[in-house]
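Working notes, beginning with the structure itself.
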Amino acid sequence: MRPFLTLAIAGLLLGGVFAYTRFAASIQPVATTYQTELATEPYSVEIRRTFIAAPLQDPVGSIDVRPETESLSQTSVAALQVHFKGVPILHRSDEIQQVEPIVIPLLEGVEIGDNELFISANQKLPNDVTFAALQVRVLQGAVTIAESTFTSVRGSPLIYGVLVFSATPPPEHDVHTH
Amino acid sequence: MATNVRKALSMNSIRRITSRVLFAVRLCAVGYWALLCDLPVVAAQNTPVAKKVVVCSTTQIADFTRQIVGDRWEVISVLAPGEDPHTYEVGNDDLLTVKRADLCLENGWNLEGHGWMNNLAHSAGKPIATCVRNIRPLVLPGQESPVNDPHAWFNTTNAAIYVQNILTAVSQTDPEHAAEYQSNCARYLLELRRLDCWIMEQVNMIPRGRRVLVTHHDAFGYFSAAYGFRAISPVGWTTGELTDVAVDQRQQIINQIRSLGVKSIFVETSINRELLDGIARDTGISIGGELYSDAMGAAGTPGETYLGMMQENVKTIVKHLK
């Protein structure tokens with residue numbers, strides 16, 4: 001009797017394990033997708049070269065600064081570049097005149113939620129000037145929704161940064177019945 | 001008469017020869033003496049000047065230090081490429097190495113599990129500097145109390161602070177060459193700035209909604225905060241506390257991966273990938289590749305330097321998440 005009981009219990013256990021593994025294998029992983037919704041409102045970008053600082057008392061002429069692109073070849077930035085979703089949407093090789101704004105009139109592909117602009121510039125600086133700055137604004141229609149100023153540092157004319165702005169869905173129109 | 005003349009001549013020639021010989025002997029003596037006097041100088045010129053020795057706990061700190069001191073110091077890293085600082089066990093060789101040091105450098109905030117680098121330096125009676133000094137910490141919930149995330153070098157701005165802390169320490173130890181170290185530091189800081197710019201440009205290819213970085217342990221908190229990612233990991237900030245995770249915690253990670261629509265998850269070069277392989281299998285997503293986390297790459301690989309390690313990580317992340 002005992003051998004049969006042992007065999008029955010062993011069979012039950014093994015069967016249970018086998019059934020569980022079949023069940024686990026049958027569960028398909030749920031594939032997830034990243035869904036986005038494009039904003040319908042018009043967005044634009046304005047860029048200004050805001051100021052050039054006065055020279056410092058102690059210029060960095062004594063520091064041996066290697067060329068901008070020795071080890072990071074892809075940081076060879078133009079006079080001004082703006083990237084949106086990894087795509088250059090503005091590329092200028094000329095020097096930006098102070099105060100005169102550069103406008104990207106319609107920013108396409110803005111998604112509901114957070115969006116990001118990457119701005120990089122390599123502005124020539126006069127010999128006695130140590131840094132410069134760019135002011136970047138994102139506008140929804142005529143309203144500024146994000147703004148930031150990016151500066152170069154002492155010894156390098158490279159200006160860069162990201163500006164994050166949030167696009168909201170248009171408010172639903174209330175239906176008023178009078 | 002003729003005989004006298006001959007005698008006088010021979011006496012004269014003997015005197016002449018004798019004086020010439022004496023002159024030659026004196027000349028040789030002076031020359032020999034001068035040579036003898038000069039010998040110690042020559043010997044001193046040929047003897048190599050002993051380099052100062054700095055012993056660093058991690059490969060990242062060793063790389064930063066090399067950028068500042070160049071060939072002037074011998075830079076030694078206790079950890080080899082690929083070794084985990086959280087779980088490292090100190091050996092007798094390490095103590096012998098630290099005994100040679102003029103300066104020791106540690107990361108701090110307990111990256112070196114149970115403070116092994118600090119213990120080594122104190123056992124050997126050597127000065128030690130902490131590289132995370134003056135960095136604003138990312139505070140993580142701990143089991144008993146909040147802890148400072150020690151992986152601060154993954155934000156390039158913090159890396160610049162590491163470099164400046166190292167500059168201060170080496171300049172204090174060797175003030176004679178402080179100006180040279182300062183110049184090297186200024187040059188390297190510009191490279192870090194270019195790296196930061198490059199990372200921002202690359203990461204811009206990934207929509208912000210897709211910037212979810214799933215790794216084995218919480219090493220990428222600073223990177224994520226700097227470049228707009230959300231960091232998720234099944235294991236906490238240290239690999240030393242946990243070897244596996246609880247079932248409900250694992251399920252929580254799987255649910256997060258599904259709800260956020262994560263495309264790929266990433267294993268780390270210095271940590272066993274079994275746990276993440278299992279999570280990838282259960283969620284049906286791919287392993288995006290290997291990231292350098294607590295340790296840099298071996299010599300000859302792109303991850304051999306900090307700049308190379310960061311570039312490789314960013315290329316891997318962008319390739320699989322964009």
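The values are calculated or read from the model by the stated rules, or taken from the named source; none is laboratory data. Values in this document were obtained by computation on a predicted structure and should not be read as measured data. Glycine also receives a Cβ, built like all others from the backbone with ideal geometry; neighbour counts cover every protein chain displayed.
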For region B:297-316, state whether one or more residues are of a type outside the set (Gly, Ala, Ser), modelled with pLDDT under 95 and in contact with a strand residue (DSSP E or B) (Cβ under 6 Å, 6 or more places away or on another chain).
no
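Quick grid of which residues meet (1) modelled with pLDDT under 65; (2) part of a loop (DSSP other than H, G, I, E, B); (3) in contact with a Lys or Arg (Cβ under 7 Å, 6 or more places away or on another chain):
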residue: A:Pro3; (1), (2), (3): no, no, no
residue: A:Gly11; (1), (2), (3): no, no, no
residue: A:Pro29; (1), (2), (3): yes, yes, no
residue: A:Thr40; (1), (2), (3): no, yes, no
residue: A:Thr69; (1), (2), (3): yes, yes, no
residue: A:Gln74; (1), (2), (3): yes, no, no
residue: A:Ala78; (1), (2), (3): no, yes, yes
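When you scan region B:76-84, do you find a residue that is outside any loop (DSSP other than H, G, I, E, B) and either over 36 Å from the mean Cα position of the chain (by Cα) or modelled with pLDDT of 95 or more (or both), even just one? Give the derivation first.
Applying the first criterion (outside any loop (DSSP other than H, G, I, E, B)) to region B:76-84 yields B:76-77.
Restricting the remaining residues to those that are either over 36 Å from the mean Cα position of the chain (by Cα) or modelled with pLDDT of 95 or more (or both) gives B:76-77.
So far as region B:76-84 goes, yes, one or more of its residues are outside any loop (DSSP other than H, G, I, E, B) and either over 36 Å from the mean Cα position of the chain (by Cα) or modelled with pLDDT of 95 or more (or both).
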Given (1) outside any helix (DSSP H, G or I); (2) within 13 Å of chain A (Cβ to nearest Cβ); (3) in contact with an Asp or Glu (Cβ under 6 Å, 6 or more places away or on another chain), index of the condition B:Ile265 fails
(3)
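Go through region B:139-168 residue by residue and tally those that are over 24 Å from B:Gly308 (Cβ atoms) and not hydroxyl-bearing (Ser, Thr, Tyr).
First, pick out the residues of region B:139-168 that are over 24 Å from B:Gly308 (Cβ atoms): B:139-148, B:168.
Okay, now just the ones that are also not hydroxyl-bearing (Ser, Thr, Tyr), so B:139-144, B:146-148.
Residues meeting the conditions: 9.
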Condition (residue is farther than 18 Å from A:Val45 by Cβ, modelled with pLDDT of 80 or more and in a loop (DSSP other than H, G, I, E, B)) applied to region A:124-133: is it met by at least one residue?
no
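Which of the residues that make up region B:140-191 are hydrophobic (A, V, I, L, M, F, W, C) and under 23 Å from B:Ile76 (Cβ atoms)? Write out each step before concluding.
Taking region B:140-191 as the starting set, the residues that turn out to be hydrophobic (A, V, I, L, M, F, W, C) are B:140, B:147, B:152-154, B:159-161, B:163, B:166-167, B:169-170, B:178-179, B:185-186, B:189-190.
Within region B:140-191, B:Ala152, B:Trp153, B:Ala159, B:Ile161, B:Val163, B:Ile166, B:Leu167, B:Ala169, B:Val170, B:Ala178, B:Cys185 meet the criteria.
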Just for region B:239-290: of the residues that are at pLDDT 85 or above and of a type in the set (Ser, Thr, Tyr), which one is surrounded by the most Cβ atoms within 10 Å (Cβ to Cβ)?
B:Thr283
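Just the residues that are over 15 Å from the mean Cα position of the chain (by Cα), touching a residue at least 12 places away in the same chain (Cβ under 8 Å) and more than 10 Å from chain A (Cβ to nearest Cβ), please, taken from region B:279-300.
Step one: of region B:279-300, the residues over 15 Å from the mean Cα position of the chain (by Cα) are B:279-291, B:300.
If we keep only those that are touching a residue at least 12 places away in the same chain (Cβ under 8 Å) as well, we get B:279-280, B:282-283, B:285-291.
Scanning region B:279-300 gives B:Ile279, B:Ser286, B:Ile287, B:Gly288, B:Gly289, B:Glu290, B:Leu291.
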In region A:135-155, what residues are more than 16 Å from the chain's Cα centre (by Cα), at negative phi and within 14 Å of another protein chain (Cβ to nearest Cβ)?
A:Thr151, A:Ser152, A:Val153, A:Arg154
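Return yes when B:Ala50 is assigned to a helix (DSSP H, G or I) and of a type in the set (Gly, Ala, Ser) and no when it is not. Break it down stepwise before answering.
Values: assigned to a helix (DSSP H, G or I): no; of a type in the set (Gly, Ala, Ser): yes.
So B:Ala50 does not fit the description; no.
Report, by residue number, each residue of region B:165-186 that is of a type outside the set (A, V, I, L, M) and touching a residue at least 24 places away in the same chain (Cβ under 8 Å).
As a first pass, look at region B:165-186 and keep what is of a type outside the set (A, V, I, L, M): B:165, B:168, B:171-177, B:180-185.
Matches in region B:165-186: B:Asn165, B:Thr168, B:Thr173, B:Asp174, B:His177, B:Glu180, B:Tyr181, B:Asn184, B:Cys185.
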Inspect region B:125-141 for any residue being of a type in the set (Ser, Thr, Tyr) and within 20 Å of B:Asp218 (Cα to Cα) and give the result as yes or no.
no
